[in-house]
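The values are calculated or read from the model by the stated rules, or taken from the named source; none is laboratory data. The structure presented is a predicted model; accordingly, all values stated were derived computationally and were not measured. Cβ placement follows ideal geometry from the backbone for every residue including glycine, while neighbour counts extend to all protein chains displayed.
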Amino acid sequence: MDKSKCESLIKKHLVKMMRELDINWSIRWKCSALSDCDAQINKESNYFDALITVDHEQIEDEDYLKKTLRHELLHTFTCEIDLLADQIQSVVSEKEYEILKKTIEHCDEMIVLRIERLLDSL
């Protein structure tokens, strides 16, 4: 998708989606190339702050963008996992944390996918 169109659609949908999902975070966003996914969220869970990066070149259409934005926003629901991961990181070695981090990220993603399925079924 063209970058300016993607930006325009994000402006159109993001705040409305946040209201619908009752997300009271400060969410910033940008369109930028990503190497291994079409979007990602970087959260600062302690501060309820996040940055969503969308790779506009991987976005097919408006519906796909909305689905992608919703997915990234749902990751704010798992912020407690981030806080737990921070605590784990402070008490284990770097090597141990790298192993645990993969499991933590997988669990986070599975929770979001289940929430998506629930929302889709309503």
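Key figures
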{"item": "When residues of the stretch 78-94 are limited to those that are modelled with pLDDT under 95 and either of a type in the set (S, T, Y) or closer than 28 Å to K3 by Cα (or both), the one surrounded by the fewest Cβ atoms within 10 Å (Cβ to Cβ)", "result": "S90"}
{"item": "The stretch 75-122: number of residues that are closer than 24 Å to I52 by Cβ and either touching a Cys at 6+ places or on another chain (Cβ under 8 Å) or of a type in the set (D, E, K, R) (or both)", "result": "13"}
{"item": "Cβ pairs under 8 Å, 6+ apart, first in the stretch 40-69 and on the phi > 0 side of the Ramachandran plot, second modelled with pLDDT of 95 or more", "result": "F48/N24; F48/W25; F48/S26; F48/T76"}
{"item": "Identity of the residue in the stretch 24-40, aliphatic (A, V, I, L, M) and crowded, with 18+ Cβ neighbours inside 10 Å, that ends up nearest to Q87 (Cα to Cα)", "result": "I27"}
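A quick yes/no check of all residues on (1) in contact with a helix residue (DSSP H, G or I) (Cβ under 6 Å, 6 or more places away or on another chain); (2) closer than 22 Å to W29 by Cα; (3) not β-branched (V, I, T):
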| position | (1), (2), (3) |
| --- | --- |
| D61 | no, yes, yes |
| T68 | no, yes, no |
| E80 | no, yes, yes |
| R117 | no, no, yes |
